[in-house]
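Have a look at the structure below, then the notes.
The values are calculated or read from the model by the stated rules, or taken from the named source; none is laboratory data. All figures in this text were calculated on a predicted structure; none of them were measured in a lab. Neighbour counts are summed over all protein chains in view; Cβ atoms, including those assigned to glycine, are modelled from backbone coordinates with ideal geometry.
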Amino acid sequence: MRIDKYLWCIRMFKTRSLATDACKKGHIKMDGNNLKPSKILFGNELLLIRKNQINYKIQVLDIPKNRVGAKLVDLYRKDLTPKEEFEKQELLKYSKDYYRKKGAGRPTKKDRREIDDFTNE
């Protein structure tokens, strides 16, 4: 099975074209090499997938015949992603929300002056 179709079948990507684009951009690797979307998988390979600033490690257990339900995904892949990757994502999320709430709009004049004072010191 093609790598882009496999990633779509195990629900790593919502559409097959998103999986194809990820392959073309070099976000899918096997043995340190970038994969083309047409690369054929046979099973028992280790894939490194970069998605949403997380490096997933996926081991291919079996090849599905078509797209599977979310409950059946673990029959076809084994997630070997270390927990540190998810902790990094949490820290990144908290660092972005440091003082303004989401949707608060543009900075006020006072906010702008405080930002300028902070960056100029």
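Could you identify the single residue in R112, R67, R77 that is over 19 Å from M1 (Cβ atoms) and either loosely packed, with under 11 Cβ neighbours inside 10 Å or modelled with pLDDT of 85 or more (or both)?
Details: R67 fails: over 19 Å from M1 (Cβ atoms); R77 fails: over 19 Å from M1 (Cβ atoms).
Within the list R112, R67, R77, the selection yields R112.
Just need a number here: residues in region 14-31 that are touching a residue at least 12 places away in the same chain (Cβ under 8 Å) and over 14 Å from Q59 (Cα atoms).
Qualifying residue count for the region: 7.
If I ask for residues that are part of a loop (DSSP other than H, G, I, E, B) and either touching a helix residue (DSSP H, G or I) at 6+ places or on another chain (Cβ under 9 Å) or small (G, A, S) (or both), which ones from region 67-85 would you list?
Kept after step one, since they are part of a loop (DSSP other than H, G, I, E, B), are these residues of region 67-85: 67-69, 76, 80-82.
R67, V68, G69, Y76, listed by residue number.
If I filter region 44-66 for residues that are farther than 22 Å from G32 by Cα and outside any loop (DSSP other than H, G, I, E, B), do I get at least one hit?
Scanning region 44-66 turns up no residue that is farther than 22 Å from G32 by Cα and outside any loop (DSSP other than H, G, I, E, B).
Would you confirm, using the coordinates I've provided, whether R11 is surrounded by fewer than 17 Cβ atoms within 10 Å (Cβ to Cβ), in contact (Cβ under 8 Å) with a residue 60 or more places away in the chain and not aromatic (F, W, Y)? Show your work before the answer.
Details: surrounded by fewer than 17 Cβ atoms within 10 Å (Cβ to Cβ): yes; in contact (Cβ under 8 Å) with a residue 60 or more places away in the chain: yes; not aromatic (F, W, Y): yes.
The answer is yes for R11.
If I go through region 6-43 residue by residue, how many of them are of a type in the set (A, V, I, L, M) and not in a loop (DSSP other than H, G, I, E, B)? Break it down into steps so the answer makes sense when it comes.
Step one: of region 6-43, the residues of a type in the set (A, V, I, L, M) are 7, 10, 12, 18-19, 22, 28, 30, 35, 40-41.
Remaining after also requiring not in a loop (DSSP other than H, G, I, E, B): 7, 18-19, 22, 28, 30, 40.
So the answer is 7.
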